[in-house]
Amino acid sequence: METRREFIKKASAAAALGLMVDWAMAMPGSDKLGDVLPQRQLIRTGEKVTSFCLGGYHLGLTENPKEAEQMIERSMELGIRFYDNARRYNGGRSEEYMGKFLTPKYREHVFLMTKAPARTAEGVRTQLDESLKALKTDYLDLWQIHALRDPEDVDNRIKEGVLDVFLEARESGKARHIGFTGHRNPATHLHFLEFLDKRGLELDTVQMPLNVCDPSFESFEINVLPVLLEKEYGVIAMKTMAGGSMMGGRIDTTPDDIRTKDIPDVVGESELSMANLHQYVYSLPVSSLCSGCRSVKDIEENVAVLQNLKSLSDSDKQTLVKLAKPYAGLVVENYKRVFTKS
């Protein structure tokens, strides 16, 4: 089986020749429960996850547990085996739903991750115990430092012992793998990666925004993705639709905390389709695309894009980026921040 390092070498050689590197051709598989969506490598050892990951935040938006159960059951039927969460999503309800409807029946079949946002060693240690209890499991497949804000935040969390607790959790087996997430600015990710390099440390994964607008503004794809591939990190894409902002102010897609009358309906106004948004990210060398869904219909539509995925050439991708470029920036990518140099 081809290792990530071997693949990266081939990808680099192909890029130098101007050839398309096709990450879209991962084949579907199966397990004891039935068909499984196409998988890609996440961990350096070769461990794979489904190319689509169900986000935990939107799952917990419903106050009706039956709806959450239906979403989880349908996700499993459709072959999703990678599940995202975080300790503070919806006051813990997102983790509790998965602890009630996912892990009791399917723990051995899924790759389960959650995240801890606390900024002290005591805080993340407590959150790890809370997550394990809520999710009804004695270990996590992946535990991530949640939502790093800026280089100063990175330094402060390291100083307060957050990284040490994560390393301890991996060593003890409470978390099989560890990583970090952030969506404000690529400088934050690069700062943390540089610190880890200097200490001779490696985490396993990074979760960050990747979408058709990103290459045109404070880009994670341009600035961070190549570094992660060189270091053989698993890359989890998020905010493929800019957290819903690419659908403007539609009440069914855009979260309450970022919905404003000023956000343009990118999909409605341009030639971009919702499928294009996912196709673009799947064409990148990412391990999985994590997306939030608010209904069974949303899950089915997301999965359908992957099941019917078509390869995009470099020219195809550039066309999509060009269509999205007028919308790039803080109005649509409102989760980003511009850092000024001192």
Burial order of peptide ranges 32-42, 282-292 (average beta-carbon count within 10 Å, highest first)
282-292, 32-42
Compute and list, largest first, the equivalent-ellipsoid semi-axes of the range 38-327 from the alpha carbon gyration tensor, each √(5λ) rounded to a whole angstrom.
27, 24, 18
Charged-residue dipole, Cβ positions (Lys, Arg, Asp, Glu), the chain about Cα centre, Debye nearest 20:
260 debye
What does the charge count around GLY92 come to, taking other residues whose C-beta lies under 11 Å from its C-beta (Lys +1, Arg +1, Asp -1, Glu -1)?
+1
Return, in residue-number order, each cysteine of the chain whose C-beta is not under 4.7 Å from any other cysteine's C-beta.
CYS213, CYS293
Run down the aspartates and glutamates and flag those whose C-alpha is under 16 Å from the C-alpha of LYS32, throwing out any fewer than 8 positions away in its chain.
GLU73, GLU77, GLU108
Can you show me the helix-derived [θ] at 222 nm for the chain, built from DSSP H runs with n ≥ 4 at -39,500 (n - 2.57) apiece and divided by the number of residues, rounded to the nearest 500.
-11500 deg cm²/dmol
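Holding the Cα-Cα limit at 21 Å, pick out from LYS66/LYS105; LYS100/LYS239; LYS105/LYS239 the pairs that are longer than that. Each step should come with its number before you reach the end.
On the way: LYS66/LYS105 16 Å; LYS100/LYS239 27 Å; LYS105/LYS239 29 Å.
Cα-Cα > 21 Å for LYS100/LYS239; LYS105/LYS239; rest within.
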Grab the Cα-Cα distance for ALA304 and GLU269, subtract it from 0.36 nm times how many residues apart they are, and report the gain in nm with one decimal.
10.3 nm
How many nm is it between the label spots at TYR139 and GLU67, if each spot is 7 Å from the Cα in line with the beta carbon?
3.5 nm
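As an exercise, take the mean of 1/r over every pair of distinct alpha carbons in the range 105-153, invert it, and state the Kirkwood radius in angstroms.
On the way: mean 1/r = 0.0845 Å⁻¹.
That comes to 11.8 Å for the range 105-153.
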Just to be sure I understand: with springs between alpha-carbon atoms less than 10 Å apart, which residue in THR205, THR240, THR62 has the highest mean-square fluctuation in the Gaussian network model of the chain?
THR62
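Values in this text are rule-based calculations from the coordinates and carry no lab data. It should be emphasised that the depicted structure is a prediction, and the values quoted were computed from it without experimental measurement. Methodologically, a virtual Cβ is constructed for each residue, glycine included, from the backbone with ideal geometry; neighbour enumeration extends over all protein chains shown.
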